[in-house]
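**Q** Right, I'll just put the structure down here and ask away after.
The values are calculated or read from the model by the stated rules, or taken from the named source; none is laboratory data. Fair warning: this is a prediction, and the values are worked out from it, not measured in the lab. For neighbour counting, all protein chains shown are included, and Cβ atoms are generated from backbone atoms with ideal geometry for every residue, glycine included.
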Amino acid sequence: MSLYRYTIRRLLQIIPVLFGVFTLTFVMVHSMPGNPVRILLGVSPSQQLADELIRQYGFDQPLWKQYLDYLWRLLQGNIGESFTRNRPVMELMLERMGPTVVLMGVSYLIALPTALLLGVYAAARHNRMGDHVSRFLGLAGLSTPNFWLGLMLIFLLSYEFSIFPASGYVSPLEDPVASARHLVLPILTLATAQTATLMRMTRSSMVEELSQDYVETARAFGLPERRILLRHAFRNALLPLITIIGLQLSFLLDGSVVVEQIFAIPGMGRLGYNGLLDQDYGIIIGLNIFFAVLFLIGVLLTDLAYAYIDPRIRYD
Amino acid sequence: MALLEVEDLRTYFYTEEGIVQAVDGVSFEVERGETLGLVGESGAGKSVAVKSLLGLIRPPGHVVDGSVRFKGDDLTEYSEAQLRNQVRGTEISVIFQDPMSALNPVFTVGTQISEIIEHHRDVTHEAAWSRAVELLDDVGIPDPAERADQYPHEFSGGMQQRALIAMALSCEPDLIIADEPTTALDVTIQAQILDLFDDIKTKYDTSMIYVTHDLGVVREVCDRVSVMYLGEIAESAPYEELYRNPKHPYTQALLRSTVSADRRTEDLDPIEGSMPSAIHPPSGCRYRTRCPVAFEDCSRGEPPRFDVGPDHDAACLHYGDGGDGDPKLHETGRPGTGVGGTGGDR
């Protein structure tokens, strides 16, 4: 019951945070230099056409009025209109959600177990060969920027050896095989840094837990090392990792912006990137609010997971 | 034959600073039904010694020499798997110092006890659980059935230690090693736990090694006492004998520096200085650097353990062939009054 009420309370707290996100984003996009109409119309537009568009989109109104208008539409559930594409941002997002969800979801599902397994393995081999190798790989993966990795992968596996296509996206519903072939490189690019970060965190968390007294107790009572590692230490090591695991969902969001651009995947990240180049206020604000909601839900799930795993935490 | 015969045990830690000779030639015996007190300052090697018995020393530490005969078998020759399956938790179990951190915070107390039973005995989960509840009852935890379902943080310190004692009893071991089990507890709780040890010793018919730095606690629970100093046994005797008639200068100093109800702090006589490093221990007798009655021979060779009474031995040259047989410190009181570095003072 208390957990239920806690969840409701946390969900309600999302509203003021979103209000803040909206206000900040609104102020920021409007203080960007440049003029969206000018970008839309090209280098030398006729003054008449420009004035007409400016009036049409309400850019001639005072800023506070534009702000209140936008807020009013927001409260009605409309997160924005794209004036470069003349369509609601929600519609544009829904169209492009599929590729992003597939890309992020698969990367996450690969990164998470790989990182946890490697981390536990490295901790079990603490300061021995296996540990050093995994730590080196972890550091290498962590230090490689995803745009560089993406380009290198394209150069090697696509240009030199033609194993995988360099760009594009095929829905898994249409052609699963072609879809998988197109996804390998982007997922590799996106998952590498994720895996490396989480793996290193897992390792250090496990190393710390393995030095705790309860591990010594378990050993002194004759429990096998494997059981101590996977049951006793891992469950405790997971606690500090939950935060990272939750936050990584949001790292995936910004990773997808870069990766979708490199591999020409028609997803939300690419929509946001192009919206930014066009100074399309609707797309920027709309996507920002959407990402903020995802992030806040991620944080809430993280906190709830804590209560589930750690008996010492109770929400009331 | 004694239940446990430890002979010339040596456990070294190979660190970057040098070889730490944490336990260096320790011998003791534990008879069936007996409680042996292992006493010494922190850093004397008590914990390392008892962990060595069970092969619980982790690198860079290694048991480099000696034998641990338990019921006639040498445990130092057992493989890791043999120790795990045939000794740890079943024949010999350990109770550690800090009960809060010795229990796993994310499992219920019942789960942790029944896990040990299930692992070592061929029983169902339900049987193991009800045995765990019985054990909690035996160690004096009220409402054991409910308590078994609670987590360690819901227990008080004393209750946590009781739970660990229940865990130690779970497979009815022949020997329980209690490593400073009451050091982290309040004095009132400490007395309760010591009473509990008395109860379970009779009820479960088990022998014990009780590790402590507190000679007052030793009086409550121990039949015999071995005093450790810097990785070696200085003196060994039945408790009453040791208390009335301490022979080794270190034991004498230790007794003079012990706080008790009938002694004021100003009457205490703390031992000068601190224990030297176990990386470069003093040559010969390791206590000689702090010993008020040390003489030239003390630096030459390690003093053997001389018999100084019935079932009583002390590793001090004063009791050897060339010695005077009695450093006379206990009676004269103050160390260093005309005796320092010259041998006996009669």
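**Q** Filter the stretch B:154-174 down to residues that are more than 21 Å from the chain's Cα centre (by Cα) and within 11 Å of another protein chain (Cβ to nearest Cβ) and give me whichever is farthest from B:S114 (Cα to Cα).
**A** B:E154
**Q** Of the numbered conditions (1) at pLDDT 90 or above; (2) more than 14 Å from every other protein chain (Cβ to nearest Cβ), A:P165 fails exactly one; give the number of that condition.
**A** With (1) at pLDDT 90 or above; (2) more than 14 Å from every other protein chain (Cβ to nearest Cβ) applied to A:P165, the lone miss is (1).
**Q** Contact list please: Cβ distance under 7 Å, first residue in the stretch B:182-206 and in the same structural domain as B:L135 (by TED's automatic domain parsing), second residue surrounded by fewer than 16 Cβ atoms within 10 Å (Cβ to Cβ) and part of a loop (DSSP other than H, G, I, E, B), pairs at least six apart or on different chains.
**A** B:Y204/B:E172; B:D205/B:G33
**Q** Still on this model: Do we find that A:V215 is modelled with pLDDT of 85 or more, away from every other protein chain (no Cβ under 14 Å) and either assigned to a helix (DSSP H, G or I) or surrounded by fewer than 18 Cβ atoms within 10 Å (Cβ to Cβ) (or both) in this structure?
**A** It is false that A:V215 is modelled with pLDDT of 85 or more, away from every other protein chain (no Cβ under 14 Å) and either assigned to a helix (DSSP H, G or I) or surrounded by fewer than 18 Cβ atoms within 10 Å (Cβ to Cβ) (or both).
**Q** Quick check, is A:V27 modelled with pLDDT of 85 or more, touching an Asp or Glu at 6+ places or on another chain (Cβ under 8 Å), outside the structural domain of A:A237 (by TED's automatic domain parsing) and farther than 23 Å from A:T243 by Cβ?
**A** Answer is no for this residue.
**Q** A:A305 passes all but one of (1) within 14 Å of chain B (Cβ to nearest Cβ); (2) not in a helix (DSSP H, G or I); which number fails?
**A** Condition not satisfied by A:A305: (2).
**Q** Out of the residues in the stretch A:186-200 meeting the condition of being of a type in the set (G, A, S) and either within 14 Å of chain B (Cβ to nearest Cβ) or closer than 11 Å to A:L112 by Cα (or both), tell me which one is surrounded by the most Cβ atoms within 10 Å (Cβ to Cβ).
**A** Here the residue is A:A191.
Conditions tested, residue by residue: (1) in contact with a Lys or Arg (Cβ under 7 Å, 6 or more places away or on another chain); (2) surrounded by fewer than 19 Cβ atoms within 10 Å (Cβ to Cβ); (3) touching a residue at least 40 places away in the same chain (Cβ under 8 Å).
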{"site": "A:N146", "(1), (2), (3)": "no, no, yes"}
{"site": "A:S167", "(1), (2), (3)": "no, yes, yes"}
{"site": "A:A180", "(1), (2), (3)": "no, yes, no"}
{"site": "A:V207", "(1), (2), (3)": "no, yes, yes"}
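**Q** Then there is this: Here are B:D186, B:D143, B:D149, B:D179: which of them is buried (at least 20 other Cβ atoms within 10 Å of the Cβ), farther than 20 Å from B:G33 by Cβ and among the acidic types (D, E)?
**A** B:D179
**Q** It is to be established whether one or more residues within the stretch A:256-267 are touching a residue at least 12 places away in the same chain (Cβ under 8 Å), assigned to a helix (DSSP H, G or I), within 13 Å of chain B (Cβ to nearest Cβ) and among the aliphatic types (A, V, I, L, M).
**A** no
**Q** I've got another one for you. Give the residue, chosen from A:E91, A:E81, that is in contact with a Pro (Cβ under 8 Å, 6 or more places away or on another chain), of a type outside the set (V, I, T) and farther than 30 Å from A:S205 by Cβ.
**A** Sole residue among the options that is in contact with a Pro (Cβ under 8 Å, 6 or more places away or on another chain), of a type outside the set (V, I, T) and farther than 30 Å from A:S205 by Cβ: A:E81.
**Q** Next up: Listed residues A:R203, A:R231, A:R235; which is in contact (Cβ under 8 Å) with a residue 60 or more places away in the chain, among the charged types (D, E, K, R), within 14 Å of chain B (Cβ to nearest Cβ) and more than 23 Å from A:F22 (Cβ to Cβ)?
**A** A:R235
**Q** While we're looking at this one, here's another question. If you check B:G25 against the conditions, is it small (G, A, S), crowded, with 20+ Cβ neighbours inside 10 Å and either assigned to a helix (DSSP H, G or I) or more than 13 Å from the chain's Cα centre (by Cα) (or both)?
**A** no
**Q** Within the stretch B:58-101, take every residue that is within 14 Å of another protein chain (Cβ to nearest Cβ) and among the hydroxyl-bearing types (S, T, Y) and give me the one that is surrounded by the fewest Cβ atoms within 10 Å (Cβ to Cβ).
**A** Checked the stretch B:58-101; the qualifying residue surrounded by the fewest Cβ atoms within 10 Å (Cβ to Cβ) is B:S79.
**Q** In addition: Can you tell me which residue within the stretch B:115-143, out of those that are among the acidic types (D, E) and within 13 Å of chain A (Cβ to nearest Cβ), is farthest from the chain's Cα centre (by Cα)?
**A** B:E118
**Q** While we're looking at this one, here's another question. Scan the stretch A:218-228 for residues that are of a type in the set (K, R) and either touching a residue at least 40 places away in the same chain (Cβ under 8 Å) or at the interface with chain B (Cβ under 9 Å from one of its Cβ atoms) (or both) and report the count.
**A** 2
**Q** Of the residues in the stretch B:217-237, how many are in contact with a His (Cβ under 9 Å, 6 or more places away or on another chain) and among the aliphatic types (A, V, I, L, M)?
**A** 3
**Q** Sticking with this structure for a sec: Here are some residues: A:P172, A:P186. Which one is closer than 30 Å to A:T302 by Cβ, under 22 Å from the mean Cα position of the chain (by Cα) and outside any helix (DSSP H, G or I)?
**A** From the options A:P172, A:P186, the qualifying one is A:P172.
**Q** Another question about this same structure. Go through the stretch B:3-22 and give me each residue that's farther than 12 Å from B:G66 by Cα and surrounded by fewer than 17 Cβ atoms within 10 Å (Cβ to Cβ).
**A** Hits for the stretch B:3-22 are B:Y14, B:T15, B:E16, B:E17, B:G18, B:I19.
**Q** Do we have A:L249 as of a type outside the set (K, R), touching a residue at least 24 places away in the same chain (Cβ under 8 Å) and within 14 Å of chain B (Cβ to nearest Cβ) here?
**A** So A:L249 does not fit the description; no.
**Q** Select from the stretch A:72-93 the residues that are closer than 14 Å to A:I289 by Cα and of a type in the set (A, V, I, L, M, F, W, C) and list them in ascending order.
**A** Passing the criteria: A:L74, A:L75, A:I79, A:V89, A:M90, A:M93.
**Q** Out of the stretch A:57-74, which residues are surrounded by 12 or more Cβ atoms within 10 Å (Cβ to Cβ) and assigned to a loop (DSSP other than H, G, I, E, B)?
**A** A:Y57, A:G58, A:F59, A:Q61
**Q** Scan the stretch B:102-114 for residues that are closer than 23 Å to B:E91 by Cβ and more than 7 Å from every other protein chain (Cβ to nearest Cβ) and jot them down.
**A** Passing the criteria: B:Q112, B:I113, B:S114.
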